[in-house]
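The values are calculated or read from the model by the stated rules, or taken from the named source; none is laboratory data. Bear in mind the structure is a predicted one, so any value in this text is a computation, not a measurement. Virtual Cβ from ideal backbone geometry, glycine too; neighbours counted across all protein chains shown. Remember, those area values only see protein heavy atoms, side chains included, never the ligands or the DNA or RNA. Shrake-Rupley method; radii C 1.70, N 1.55, O 1.52, S 1.80 Å.
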Amino acid sequence: MFDRPRGTNDWSPEDMVKRRFVESRFVQLAESFGFREVSTPTFESLELFTAKSGPAIVRELYAFKDQGGRDLALRPEFTASILRFYVSDLRSRPKPIKVYTSGNVFRYEEPQKGRYREFFQLNAEIIGGDPLLADAEVLALAIGTMRSLALNEVKARIGNIGILRDYLPFAPADQALILHSLDKRNFTMLDAELARLGRTELSEPLRKVVELSGDAPILDDAREALGGAGAQGFAYLRRLGVLLEAYGISKSYFSFDMGVVRGLDYYTGMVFEIDSPLLGAEKQVGGGGAYSLAEVFGGERVTQTGFALGLDRLVMAAVAEGVPLPGRRLTAYVVPVGESTREAALRVLSRLRREGFAADIDLLGRGPSKNLDYANAVRARFAVLVGENETKRNVVAVKNLESGKQEEMSLDDFVASLRPVLWEGEPKSDAQGREQSAGSGRPKKSRKKPRG
């Protein structure tokens, strides 16, 4: 026997139906927003990631040499690949360019619950849009994905790293160290760096400002803490909040948080993180913001904003909240009663599948009793028994496996009686079916107990 590699997962059919459901909600919403799907390689030149994040990133990557001696790495995220694709092929297209993708990414780090070496992301990017309008659009998509999944405990925390960049009177390399210490809440490191730079008086206002979070009034507090600096950035955040409400997003789904720093060099303005507090230490399910990377990869400077959501953690968040994620059900299990009816049973099976129903058939030549046991075990809704007498009379025997009721009917009548309810227990949301008005806030919380 072989064990799976450390930090990876095997996903059962029951797991995958939940994961595909969550992914489908994001994809449907992204398409409705006018985003279009792209795909990029699973591995890229190692230099692509070191150009984006610096040489220190190598220790966090699955980096290797191929048989031609080229330095490659499995992608740790999608943004670098998409910007590389933009610079090489997409930049002549009309702006803005709105794209999304999903798939597996890889990071070499210590595995723990919710943190894997192979994990899955949902990603969206806008390139070439008006900064404020594009930021509002990506936030509306990210928050809308949470709403479409009926997640109640998940909230976007929005900041603006540009305010801190404007406030810090240091060269970019020194700024990066300060921002990194704020991002990690490492105040010992903060004080040491400020002491090195001879600006220890900045420690108190920086500590104060990154602790501020809440509704729009905290922006005044933050501006005061910074001595009036960052007026343009604070006004930007206020306007962003107004636009989100125009999208129909209740304030209960987002807050302003000056502690959202995301201390990476390429972030330039609005930044945000989305947390699910029920997940504990690994509570972050997504994040993103405005950044500048095209020129790093050889293109012209252009506005860019985007985000990534962790598919693994979104599913975990839904389970933790007790959201009734769907279970894919087999509509019908066809049972040939004797080998002489095999061909007739296959014709019934094919008709059901053509009509769009999930249908399966006995493949072991078992008797009706064992086939019914199997149909119950795989949670089929109906067993369709095809015997010689039924075939001669152009009917089938349909057994409802939930009620136990069995009756004969024509195949046409059976098909007509079915409704393709392909997802069971689908959560209600204000993004599908418009159960709620745009400004009515959050869906009602599920009363079901969390699973698992």
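Overview of results
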{"item": "Pair list, Cβ under 8 Å, 6 or more apart: segment 388-399 residue open to solvent by less than 50 Å² (accessible area, probe 1.4 Å), other residue of a type in the set (Phe, Trp, Tyr)", "result": "396/414; 398/382; 398/414"}
{"item": "Residue in segment 38-66 that is farthest from the chain's Cα centre (by Cα), counting only those that are polar (S, T, N, Q) and modelled with pLDDT under 95", "result": "50"}
{"item": "Members of segment 321-342 that are open to solvent by less than 40 Å² (accessible area, probe 1.4 Å) and modelled with pLDDT of 90 or more", "result": "321, 322, 330, 331, 332, 333, 334, 335, 336, 341"}
{"item": "Residue count, segment 311-320 (criterion: small (Gly, Ala, Ser) and open to solvent by less than 20 Å² (accessible area, probe 1.4 Å))", "result": "2"}
{"item": "Strands (runs of 3 or more DSSP E) (entirely within segment 1-109) containing at least 3 residues that are free of Cβ contacts under 8 Å to residues at least 24 places away in the same chain", "result": "63-65"}
{"item": "Condition broken by residue 133, with the remaining ones in (1) crowded, with 18+ Cβ neighbours inside 10 Å; (2) in a helix (DSSP H, G or I) satisfied", "result": "(1)"}
{"item": "Inter-residue pairs, beta-carbon under 7 Å, first outside any loop (DSSP other than H, G, I, E, B) and in segment 222-239, second at pLDDT below 90 and among the charged types (D, E, K, R), 6+ apart", "result": "233/166"}
{"item": "Search result, residues across segment 1-26 that are among the basic types (Lys, Arg) and under 19 Å from the mean Cα position of the chain (by Cα)", "result": "18, 19, 20, 25"}
{"item": "Filter result for residue 159 (small (Gly, Ala, Ser), in a strand (DSSP E or B) and crowded, with 20+ Cβ neighbours inside 10 Å)", "result": "yes"}
{"item": "Selected residue [at positive phi and open to solvent by 30 Å² or more (accessible area, probe 1.4 Å)] from 198, 230", "result": "198"}
{"item": "Checking residue 402 against (1) surrounded by fewer than 17 Cβ atoms within 10 Å (Cβ to Cβ); (2) part of a strand (DSSP E or B), the condition it does not meet", "result": "(2)"}
{"item": "Answer residue from segment 377-387, given it is small (Gly, Ala, Ser) and outside any loop (DSSP other than H, G, I, E, B) and is least open to solvent (accessible area, probe 1.4 Å) among those", "result": "383"}
{"item": "From the options 74, 46, 90, residue that is surrounded by 16 or more Cβ atoms within 10 Å (Cβ to Cβ) and closer than 28 Å to residue 314 by Cα", "result": "74"}
{"item": "Where residue 257 falls short, out of the listed (1) at positive phi; (2) open to solvent by 10 Å² or more (accessible area, probe 1.4 Å)", "result": "(1)"}
